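Below is one structure, written out as structure tokens; the observations come after it.
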Protein chains: 2
Amino acid sequence: MGGQGALRHVSKSERLSVECAGGDWCPITATATLIGKKWHPVIIHRLLENGASGFNELQNEVDGISSKVLSESLDDLEANGLVDRTVVEEKPVRVSYSLTDSGESLERVVLALAEWGDEHLEPACDGVSV
Amino acid sequence: MGGQGALRHVSKSERLSVECAGGDWCPITATATLIGKKWHPVIIHRLLENGASGFNELQNEVDGISSKVLSESLDDLEANGLVDRTVVEEKPVRVSYSLTDSGESLERVVLALAEWGDEHLEPACDGVSV
DNA sequence: CGGTATCCTCATTGATACTG
DNA sequence: CAGTATCAATGAGGATACCG
């Protein structure tokens, strides 16, 4: 996948540096806008952990999210091709949310987020580093 | 303050999974709250790229940010021990913002963000434009 | 240069309630 | 189970102006 074979010979960090410089489109801001919606990363993380889930199932796992916000988030995520919504025609009818390929590729990001927070923000432990 | 006691050998992903489950403190949300402020990741990225920078210097590099928001962001970042503010007593007096150790450790996160956006959101693929 | 102080507006959330 | 509808509250972000 990722068939944009046009780019070559420029190192990734170089490109990123240039792209975020100013005036240009910035992948960081773009991504942050996409998944920086407060609940999005958690939802994705849950989906990553548990695989396909139903709506209420998801709501239970996220803790604190309202159905409205979950619905909106899912909507947004779906619109951006990150999650897949499938209606399972059984009885009772269920809806299954799962990550698309693109969504799964966010694992690195979400994990990076989680690990950093885990290492630098732990609440119960002593103060933050100096 | 070592009082954490027994630190079991639980895999990292296992811990993260548990921590984000529900009711508990969640490192993902916590981190997202910290650096998900729309401009924070970009600021950090710029600092990562260019090293210590002055206020206006930073404002120029970020493109589009107002002094107010930059000020607030920097404030927030500093309060969370991510950036360091140093007044350089020269002439003319300057202020230098740089990343703390903790801030630099965000490189993985920011890079993950940037790379993902670069690979999945490229504007040319979408037909967005000025 | 390096910020603060206002004011204003739009986006997002949360609570609650209701539906198929 | 899986949402949608409303409404009120919050707050982040932008524009502009001003100060040391």
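Rg/Rh for segment B:37-130 stands at 1.03; both radii use Cα atoms, and Rh follows the Kirkwood definition.
Would you mind classifying segment B:62-108 by shape? Square roots of the alpha carbon gyration tensor eigenvalues, ordered a ≥ b ≥ c; an a/c under 1.5 is rounded, otherwise it is prolate if a/b is larger than b/c and oblate if not.
Details: a/c = 2.00, a/b = 1.20, b/c = 1.66.
Note, shape of segment B:62-108 comes out oblate.
Order these peptides, B:29-35, A:101-107, by their mean beta-carbon neighbour count within 10 angstrom, highest first. Kindly include the intermediate steps, with their values, before the conclusion.
Values: B:29-35: 21.7, A:101-107: 18.0.
So the order, starting with the most tightly packed, is B:29-35, A:101-107.
Given the Cα-Cα distance of B:E78 and B:R94 and 0.36 nm per residue of separation, how much length would full extension add, in nm? It would help to have the intermediate numbers written out before the result.
Numbers: separation 16, 0.36 × 16 = 5.76 nm, distance 1.70 nm.
Extra length from B:E78 to B:R94 when fully extended: 4.1 nm.
Here segment B:27-52 and segment A:34-68 have alpha carbon centers that stand 23 Å from each other. Each other copy places its own label point for B:S98 at 5.0 nm from this one, sorted shortest first, where the point lies 7 Å along the Cα-to-beta carbon line.
Read-outs throughout are calculated quantities, based only on the coordinates presented, and are distinct from any laboratory measurement. In this text, all values refer to a predicted model and were calculated from it rather than measured experimentally. As a convention, Cβ positions derive from the backbone with ideal geometry for all residues, glycine included, and neighbour counts pool all protein chains shown.
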